[in-house]
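Input: a single structure, listed below in structure tokens.
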Amino acid sequence: MIRLRKQEMFSLDEIIDPIDFDAAAPDFVEADDVTAIDDITREVEIISDFQTPYLELIRLLRESAEIEHALMVQYLYAAFSVRETYAGIVGPAVGHGDGLLPIAIQEMEHLHDVCNMLATLGVAPNLVSQAFPFDADIYPFALNLERLSLHSLAKYVFTEAAAESITPQPGEEDPFLTLLMEQLGEQEPNHLGSVYARIIELAEQVQSSPPFQLPDLTTHITNLRHIKSQGEDAHFKFFKSLFLGEHLGFNGNNQVWKLSPDDMAYPSLPVQTNPTAYEGDPNQIPDPDSRSIAMLGNLHYWIILALLDLSYRHSNQGYLGIAIGNHMTGPLMSLGKILAARGVGLPFDPSNLGSSAGKDEATNRKMIRLISLEAKKLTEDLSTVLGTDEADQQVFMLQDTIDSLSI
Amino acid sequence: MTYTRQKGIEFWFEYDNVFLLAVPLDVRQAYAALGDFIDKPRNQLRLRRFQGTFPQSFINDMMPLRDGLLFLAERQLQIIDAHFPGSDSDVQSAFEDFGQGVLWDNRPPRVIRGIPIHMMDGAAATMVGYHRWNGFIRAVILLGGDEARWLTINRFVALACAIQTKLNPGQGNPNNRPIQSAELQVLRDKWLVMSTDDLDREFGRLPVIP
């Protein structure tokens, strides 16, 4: 949990002018550039659980991993919901460029960087997945798995914005901010930037005064700065362009968000919000075939998390290669689109097993094989629903995973 | 033409902009027409080889994408030929530098995005871009592209992948170590003589074994 303490602010005049020294400090908040870590101007303070920099650093890295993970699946879900006509706003599944998929992949890369840093610090990765809606503490709204819409984009804009980007300037009318406020109401800026600023601060403290021998953290600190700036710049600009209907992928129609959500020209499909493949849950996917396909999607998702976990714990890129080659770039993408076309969505349900239920590497490998076998059986059972070509492709990849982990 | 690192930078600058970072309208339209194609050649190539139905089934898989794939292939060749006309050795050098992560470029958009070095995204197992490229080239060859030309390029792609896998250069590191001559020759001797079948087999692994 991330708890925030709003700091009392002192204007420079208050500090310099001794006549006013005893006056009560004004209680006002100014837009803050959190890259300038400054005791005088800091707007919020992350309340520490630990006083030992190393422990607090681990704690906040684990928190940020959960946030990046949730953002990643949220953006993936939104990307899957986009109609084919607007494929230009989805983009290719690469880590750079312009689109929802590149943004989702960049969040994955942020998660990757954070987990790698945790590994360098000598601790386990954090690949905990959340149930949605997910209350991330640092945002004034929950994160949801939902179709792309003006309202969801307003939240994404807010999520990625630096404070000054969405703070009205006195006396100035900004149509973008007016529209944003209409969707979200008055909100204080999000504080993910503050979290990363604090993480960087702590990392530098640990680097200069480690509690025990640690590898050099310089590259990781550089990566953290990049994560922080990427969100507040490239991601914000991208989501703003979608929010305003200005992105080229809308094919010149900047009025798309004025269409009825039921309109066939509306940018996204009417997919279920926060679906689950867990039968009996109030949000369960109602159609049995769709629910089974969604469970297949879950199995691939859990296989990916387990492979990533092995990769970070044991510094073995081979596991990552299996996750990417056999699951991320094939079945997960296909199933996400198949489920969206069926009006539901890939639920990314959390599993009680987590990403590392086994007590050692060998047991975890066996468990991934068993999950893969289960997924393979389910795929074969669903071959009529999925189509033979799709089922064949997924069975092949699952078998490759099984074979790779049998060695 | 005598290759220089600056020529390599200029080549990759244009290449990255056209296909990734500042995509012009014609390429954007080709991407839109192709839809979600980026992993399809690679994934189908693996499947059809495993099933033993390659090449005909793979050709059937790729036929709906033919026009778009051949268009993109032609655009790639245009850029290569504009920068290194008639010189495969220069193209090879450009790929070798790419794999080493020694092509630092201060210009936007790369530097603004925090990716100043012209190299494949990722490291080892996450460098799926080279594998996708192999799948793409395979499809282009079987759909009517110049087999000899594209085999040469595919070997360069594989060599760059092997170099980058071996050296693991850091994006944003201006001091990535260049490959030693002896190391490079070992990799050249291995990768520049491979057949298309050999390359498909090697790219079946992620990461590749340099």
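The values are calculated or read from the model by the stated rules, or taken from the named source; none is laboratory data. Since the model is a prediction, treat every value here as computed from it, not as a measurement. Cβ: placed from backbone, ideal geometry, glycine included. Neighbour counts: every protein chain shown. Note: accessible area is taken over every heavy atom of the protein model, side chains too, but ligands, DNA and RNA are not part of it. Shrake-Rupley method; radii C 1.70, N 1.55, O 1.52, S 1.80 Å.
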- [ ] Determine whether segment B:103-114 contains at least one residue that is free of Cβ contacts under 8 Å to residues at least 24 places away in the same chain and among the hydrophobic types (A, V, I, L, M, F, W, C).
- [x] yes
TODO: Please work out which one of (1) open to solvent by 10 Å² or more (accessible area, probe 1.4 Å); (2) on the phi < 0 side of the Ramachandran plot is the condition A:Gly185 fails and give its number.
DONE: (2)
Task: segment B:93-109, subset closer than 24 Å to A:Ile221 by Cβ and within 18 Å of the chain's Cα centre (by Cα), residue nearest to the other protein chains (Cβ to nearest Cβ) - done: B:Gly101
- [ ] Evaluate segment B:143-157: report whether one residue or more is more than 15 Å from B:Trp191 (Cα to Cα), in a loop (DSSP other than H, G, I, E, B) and at pLDDT below 95.
- [x] no
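The rows are residues; the columns are (1) open to solvent by less than 50 Å² (accessible area, probe 1.4 Å); (2) within 14 Å of chain B (Cβ to nearest Cβ); (3) free of Cβ contacts under 8 Å to residues at least 12 places away in the same chain.
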| site | (1), (2), (3) |
| --- | --- |
| A:Gly171 | no, no, yes |
| A:Leu202 | yes, no, no |
| A:Gln205 | no, no, no |
| A:Ser208 | no, no, yes |
| A:Phe250 | yes, yes, no |
Open item on the list: Condition (residue is farther than 18 Å from B:Gly204 by Cβ, at pLDDT 95 or above and surrounded by 18 or more Cβ atoms within 10 Å (Cβ to Cβ)) applied to segment B:24-42: is it met by at least one residue?
Closed with: no
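One line per residue, one yes/no per condition, for (1) touching a Phe, Trp or Tyr at 6+ places or on another chain (Cβ under 7 Å); (2) closer than 30 Å to A:Leu308 by Cα:
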position	(1), (2)
B:Gln92	yes, no
B:Pro109	no, no
B:His118	yes, yes
B:Val128	no, yes
B:Phe136	no, yes
B:Ala148	no, no
B:Ala158	yes, yes
B:Gln164	no, yes
TODO: Give me a count of the residues in segment A:143-169 that are closer than 21 Å to A:Asp233 by Cβ, open to solvent by less than 30 Å² (accessible area, probe 1.4 Å) and part of a loop (DSSP other than H, G, I, E, B).
DONE: 2
- [ ] Considering only segment A:75-119, state which residues are over 15 Å from A:Thr329 (Cβ atoms) and of a type in the set (D, E, K, R).
- [x] A:Arg83, A:Glu84, A:Asp98, A:Glu107, A:Asp113
TODO: Just give me the residues in segment B:158-194 being polar (S, T, N, Q) and not in a helix (DSSP H, G or I), in sequence order.
DONE: B:Asn168, B:Gln171, B:Asn173, B:Asn175, B:Asn176, B:Gln180
- [ ] Considering (1) within 14 Å of chain A (Cβ to nearest Cβ); (2) over 30 Å from B:Pro64 (Cα atoms); (3) part of a helix (DSSP H, G or I), say which one B:Tyr130 fails and leave the rest.
- [x] (2)
Open item on the list: Can you tell me which condition B:Ser89 does not meet? The list is (1) touching a residue at least 12 places away in the same chain (Cβ under 8 Å); (2) within 26 Å of A:Ala234 (Cβ to Cβ); (3) open to solvent by 40 Å² or more (accessible area, probe 1.4 Å), and all the others hold.
Closed with: (2)
Open item on the list: Just to be sure I understand, how many residues within segment A:368-401 are surrounded by 15 or more Cβ atoms within 10 Å (Cβ to Cβ), more than 20 Å from B:Arg49 (Cα to Cα) and among the basic types (Lys, Arg)?
Closed with: 1
Task: B:Arg107 vs. criteria basic (Lys, Arg), modelled with pLDDT under 95 and open to solvent by 20 Å² or more (accessible area, probe 1.4 Å) - done: yes
Open item on the list: Checking A:Thr218 against (1) crowded, with 16+ Cβ neighbours inside 10 Å; (2) within 14 Å of chain B (Cβ to nearest Cβ): exactly one of these is not met. Which one?
Closed with: (1)
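Consider B:Ala148 carefully, then state whether it is in contact with a helix residue (DSSP H, G or I) (Cβ under 9 Å, 6 or more places away or on another chain), at negative phi and hydrophobic (A, V, I, L, M, F, W, C). Write out each step before concluding.
Numbers: in contact with a helix residue (DSSP H, G or I) (Cβ under 9 Å, 6 or more places away or on another chain): no; at negative phi: yes; hydrophobic (A, V, I, L, M, F, W, C): yes.
Answer is no for this residue.
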TODO: Please verify whether segment A:344-358 includes one or more residues that are open to solvent by 10 Å² or more (accessible area, probe 1.4 Å), on the phi < 0 side of the Ramachandran plot and within 14 Å of another protein chain (Cβ to nearest Cβ).
DONE: no
Task: Filter result (surrounded by 20 or more Cβ atoms within 10 Å (Cβ to Cβ) and more than 14 Å from every other protein chain (Cβ to nearest Cβ)) within segment A:323-343 - done: A:Leu339
Open item on the list: Exactly one condition in (1) crowded, with 23+ Cβ neighbours inside 10 Å; (2) under 21 Å from A:Ile105 (Cβ atoms) is false for A:Val271; which is it?
Closed with: (1)
TODO: Of the conditions (1) open to solvent by 40 Å² or more (accessible area, probe 1.4 Å); (2) touching a strand residue (DSSP E or B) at 6+ places or on another chain (Cβ under 7 Å), B:Ile112 clears all except one; give me its number.
DONE: (2)
Open item on the list: Within segment A:313-322, take every residue that is assigned to a helix (DSSP H, G or I) and surrounded by fewer than 24 Cβ atoms within 10 Å (Cβ to Cβ) and give me the one that is farthest from the other protein chains (Cβ to nearest Cβ).
Closed with: A:Arg313
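Restricting to segment A:50-93, give me the number of residues that are farther than 24 Å from A:Asp349 by Cα, within 14 Å of chain B (Cβ to nearest Cβ) and either open to solvent by 10 Å² or more (accessible area, probe 1.4 Å) or not in a helix (DSSP H, G or I) (or both). Break it down stepwise before answering.
We begin by selecting, within segment A:50-93, every residue farther than 24 Å from A:Asp349 by Cα; these are A:50-58, A:84-89, A:91-92.
Going one step further and asking which of them are within 14 Å of chain B (Cβ to nearest Cβ), we end up with A:84-89, A:91-92.
Filter once more, so that each one left must be either open to solvent by 10 Å² or more (accessible area, probe 1.4 Å) or not in a helix (DSSP H, G or I) (or both): A:84-88, A:91-92.
Of the residues in segment A:50-93, 7 are farther than 24 Å from A:Asp349 by Cα, within 14 Å of chain B (Cβ to nearest Cβ) and either open to solvent by 10 Å² or more (accessible area, probe 1.4 Å) or not in a helix (DSSP H, G or I) (or both).
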Open item on the list: Condition first: more than 28 Å from A:Met264 (Cα to Cα) and in a loop (DSSP other than H, G, I, E, B). Can you find one or more residues in segment A:105-122 that meet it?
Closed with: yes
Task: Among the candidates A:Glu173, A:Glu164, A:Glu186, residue that is acidic (Asp, Glu) and modelled with pLDDT of 85 or more - done: A:Glu173
